[in-house]
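Working notes for the structure below.
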Amino acid sequence: MVERLVIDHVGHLGDGVSLSSGDTRYVPYTLGGETVEAAPVPGHPDRRKLLAVETASPERIEPFCPHFGVCGGCAIQHWQPDAYQAWKRNIVIESLKAAKVDCEVAPLIDAHGAGRRRATFHARMGTHEVLKVGFSAANSHDIIPIDRCPILDPALTGALEAAWALAEALKPTGKPLDIQATATNNGLDIDIRGSGPLPPAQITALSRVAEQHRLARLTRHGELVLMRHLPMINIGAAQVTLPPGSFLQATIAGEETLAKLVGERIGKAKHIADLFCGVGPFALRLASAARVTALDSDAGAVMSLQKAVANTPGLKPVKAEARDLFRRPLMPQELRDVDAVVFDPPRQGAQAQAKQLAASQVPVVVAVSCNVATFARDVRMLIDGGYKLETVVPVDQFRHTPHVELVARLRR
């Protein structure tokens, strides 16, 4: 059944929202003011599949990727940049307002830079034993085979070809493989997940592929298969050897932008606690001027940070420890000699840690987040504890998606 819908606006997930039928309908790849033809999506009563744009918005532009609309990686390539950026900033404004967090929201900072320096490709044998390697389709577990991805950093050149070759060597028939590729100074670092135990012959085949594609390192579930070079990245004055499958900010420009904003908001603090520190994108830069206590639950990331500190002259003391801040948050008494705290948790936020920060007397807290909802929840606790929230700065390193990073300072 074909429906004719008028799109009212673009929602927070990037789908066009239609109210014209009397019920809310979500239509991907549409813009406010457009009249479209759409069809129901089985199993999803409020979703529609776009069939045709009958009346286009003047803000509509031609997508630059041939896979757009099929691959689920990007939600928006069809919107004029200024309008898209205003929409993304407005997501932050509306989400904070809904959470009753009253503050100024700065203009959106674009931090796409050269593009994504890491990507996770999925691989599976499809029907008729046809291998598929690519990204998941929108709102689906189907894998869309791709031959290129224009939003990737040129440093990831060759990653997709290597992923196809690795998948061909493994021929996954059940659970799809996750093939995470990261661009480093020394070449591509790839970690494969989902393969299960492998016989020696397949390990040998993977090693051969790694050699052929000149990978810096290949690991499987974090276990080394082959290493030609240590996979290293620069963070400030330090060189950091990455743990297998390590978390990094998606773009180099994104990491540098967030670090600059954090550094500006820390001010002249002499002792800083960097919570959820990862491999040290903030700690290693802040340590040029201040003593740092860095904590994260990822023991491999903490070890990499420790090694980087030991090999980088001119830094102030950095104490890096593995600690699960969800189960064992830093308590107020442990923060008594800390001048400032930076916390950058995963998407689920830092509720337990925010509760303890709210009860502390730390003068400055800099909150970094990739999730507006959990950011609002956590800073609400700090505000209720006596902190004043200053301007929130949105950062767009996930261009063409609804995801946005946030940085803000809270002061007592």
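Results, tabulated for the structure shown:
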quantity: Filtered residues of the stretch 363-374 (kept if more than 15 Å from the chain's Cα centre (by Cα) and surrounded by 22 or more Cβ atoms within 10 Å (Cβ to Cβ)); calculated: Val365, Val366, Ala367
quantity: Per-region count, the stretch 304-348, residues open to solvent by 80 Å² or more (accessible area, probe 1.4 Å), part of a helix (DSSP H, G or I) and in contact with a helix residue (DSSP H, G or I) (Cβ under 7 Å, 6 or more places away or on another chain); calculated: 0
quantity: Number of positions in the stretch 29-59 that are free of Cβ contacts under 8 Å to residues at least 40 places away in the same chain, in a strand (DSSP E or B) and over 13 Å from Glu3 (Cβ atoms); calculated: 2
quantity: When residues of the stretch 1-21 are limited to those that are within 12 Å of Pro402 (Cα to Cα) and not in a strand (DSSP E or B), the one most open to solvent (accessible area, probe 1.4 Å); calculated: Leu13
quantity: Matching residues, the stretch 234-258, being among the hydrophobic types (A, V, I, L, M, F, W, C), open to solvent by 10 Å² or more (accessible area, probe 1.4 Å) and not in a loop (DSSP other than H, G, I, E, B); calculated: Ile252, Ala253
quantity: Residues being part of a helix (DSSP H, G or I) and free of Cβ contacts under 8 Å to residues at least 12 places away in the same chain - total across the stretch 191-205; calculated: 3
quantity: Leading residue by the ranking (modelled with the highest pLDDT) among those in the stretch 206-227 that are in contact with a strand residue (DSSP E or B) (Cβ under 7 Å, 6 or more places away or on another chain), part of a loop (DSSP other than H, G, I, E, B) and surrounded by fewer than 21 Cβ atoms within 10 Å (Cβ to Cβ); calculated: Arg214
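The values are calculated or read from the model by the stated rules, or taken from the named source; none is laboratory data. In this text, all values refer to a predicted model and were calculated from it rather than measured experimentally. Note: ideal-geometry Cβ built from the backbone for every residue, glycine included; neighbour counts use all protein chains shown. Just so you know, the surface numbers come from the protein's heavy atoms only, side chains and all, with ligands and any DNA or RNA stripped out. Shrake-Rupley method; radii C 1.70, N 1.55, O 1.52, S 1.80 Å.
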